[in-house]
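The values are calculated or read from the model by the stated rules, or taken from the named source; none is laboratory data. Just so we're clear, the structure is a prediction, and the values are computed from it rather than from any experiment. Every residue, glycine among them, receives a Cβ derived from its backbone with ideal geometry; neighbour counts consider all protein chains shown.
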């Protein structure tokens, strides 16, 4: 099996070490596409689909957080941050933006290789991933599949992310502010109405099962098992 990985890293030494190490691996095999700054990284993400993105945060031009946010607007491609920023708030923010793993420099190449393989296996559905089920709605987070009464439903990334969070917290009230922060990020400049608009679209996509998403006045939403 062959994987294409985008590496966005401004340190030439680190880029070369990662490129050399991964190119030596035989199974699976890797093709590394490198970008030396954030602006080039942004250009690369529109050139082709990648199996995984390795992403520094402190980059010339566009920073890694913004690149991650842009990727998550249209893709569920796995993202692993490689960064010297090891503060807890940075790590939590990275996960809130949608990264799959967060590795603090310096790191061992064997550790990076193991984590890349683990994330790829989860993303490609090669290991068991817990199926999320609530009433007539079922979801496989690894394969981006959503079904209602066994019928496949196509959801855009934002609607998928909202449904996933509600299913992970089913039968509990999830505040609009929490959804806004988790899915759009701490520094999103819009208001909570954007959440309402996407929930409306999500309900419509789910058809009759959309009734499982209950509005909690002045609070947010709750996903229940019964329609």
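Scanning for something surrounded by 15 or more Cβ atoms within 10 Å (Cβ to Cβ) and closer than 23 Å to residue 94 by Cβ, does the stretch 198-212 turn up at least one residue? Spell out how you get there, then give the answer.
To start, the set of residues in the stretch 198-212 that are surrounded by 15 or more Cβ atoms within 10 Å (Cβ to Cβ) comprises 198-199, 201-203, 205-206, 209-210, 212.
Next cut, closer than 23 Å to residue 94 by Cβ only: 198.
Yes, because at least one residue in the stretch 198-212 is surrounded by 15 or more Cβ atoms within 10 Å (Cβ to Cβ) and closer than 23 Å to residue 94 by Cβ.
Could you tell me whether any residue of the stretch 191-214 is in a strand (DSSP E or B) and at pLDDT 90 or above? Yes, that holds for at least one residue. Whether a residue is more than 18 Å from residue 33 (Cα to Cα), in the same structural domain as residue 41 (by TED's automatic domain parsing) and surrounded by fewer than 20 Cβ atoms within 10 Å (Cβ to Cβ) was assessed, and residue 95 passes this test. Only helices (runs of 4 or more DSSP H) wholly contained in the stretch 34-141 count here; list those with 1 or more residues that are touching a helix residue (DSSP H, G or I) at 6+ places or on another chain (Cβ under 7 Å) and touching a residue at least 40 places away in the same chain (Cβ under 8 Å). By residue number, 64-74, 88-97, 109-123. For the stretch 116-144, a residue qualifies if it is buried (at least 18 other Cβ atoms within 10 Å of the Cβ), modelled with pLDDT of 85 or more and closer than 21 Å to residue 3 by Cβ, and the qualifying residues are 116, 119, 120.
Report yes if some residue within the stretch 9-32 is outside the structural domain of residue 145 (by TED's automatic domain parsing), free of Cβ contacts under 8 Å to residues at least 60 places away in the same chain and within 28 Å of residue 156 (Cβ to Cβ); otherwise report no. Checking the stretch 9-32: not a single residue is outside the structural domain of residue 145 (by TED's automatic domain parsing), free of Cβ contacts under 8 Å to residues at least 60 places away in the same chain and within 28 Å of residue 156 (Cβ to Cβ). In this structure, residue 108 does not satisfy being under 13 Å from the mean Cα position of the chain (by Cα), closer than 23 Å to residue 25 by Cβ and either modelled with pLDDT of 90 or more or buried (at least 17 other Cβ atoms within 10 Å of the Cβ) (or both).
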